[in-house]
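Shown next, in structure tokens, is the structure this report addresses.
Values quoted throughout were computed directly from the atomic coordinates according to the rules given, and no laboratory measurement underlies them. Values in this document were obtained by computation on a predicted structure and should not be read as measured data. Quick reminder, even Gly has a Cβ in these numbers, built from the backbone with ideal geometry, and neighbours come from all protein chains shown.
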Amino acid sequence: MRTRLRNRSRAEGVVVEDELFRRLGQARKEIENYRQYGYILINDVLDRAVAQLEAIVLAERFYRNGEPIAYRSRRVLEVAAACLLSNSQERLKPVLEAFGIDGGTDQQQLLFGDDSDDD
């Protein structure tokens with residue numbers, strides 16, 4: 001994790017060790033509280049993380065407000081569901097291990113409605 005953060009910081013033009021430790025400390029605090037989040041988004045591949053975040057936002061708008069999803073709605077819901085905490089344990093495991101955090105299991109379920117525009 002430290003190497004990945006250092007590489008990303010270099011790309012951003014920030015290589016001060018104190019800043020790296022500050023950012024790692026902040027990341028650890030956020031990761032320690034992962035059980036409090038409904039969705040887990042691991043930003044290891046930027047394009048994938050962007051697509052997952054967009055899917056999460058669209059799915060939540062759909063479930064909370066009934067807002068229609070204009071394009072590929074079933075796929076959007078599947079991508080969002082894959083980011084649920086209960087479905088993210090395998091992808092989350094190496095992150096938790098890198099920060100020395102014990103990863104127990106919390107269950108959260110998201111039920112899918114019938115979505116006929118993708119057939």
Show me 36-44, 48-56, 21-29 ranked by packing, highest mean number of other Cβ atoms within 10 Å first.
-> 48-56, 36-44, 21-29
Here FRET efficiency (C-beta to C-beta, A98 to L53, R₀ 25 Å, nearest 0.05) is 0.70
Given backbone amide H placed at 1.01 Å from N, residues whose amide H is under 5 Å from that of Y39, ignoring those fewer than 5 places away on the same chain, are L85
From the backbone phi of segment 57-63, what are the Karplus-calculated ³J(HN,Hα) couplings (6.51 cos²θ - 1.76 cosθ + 1.60, θ = phi - 60°) in whole Hz, Gly and Pro given as x?
-> 4, 5, 5, 5, 5, 5, 6
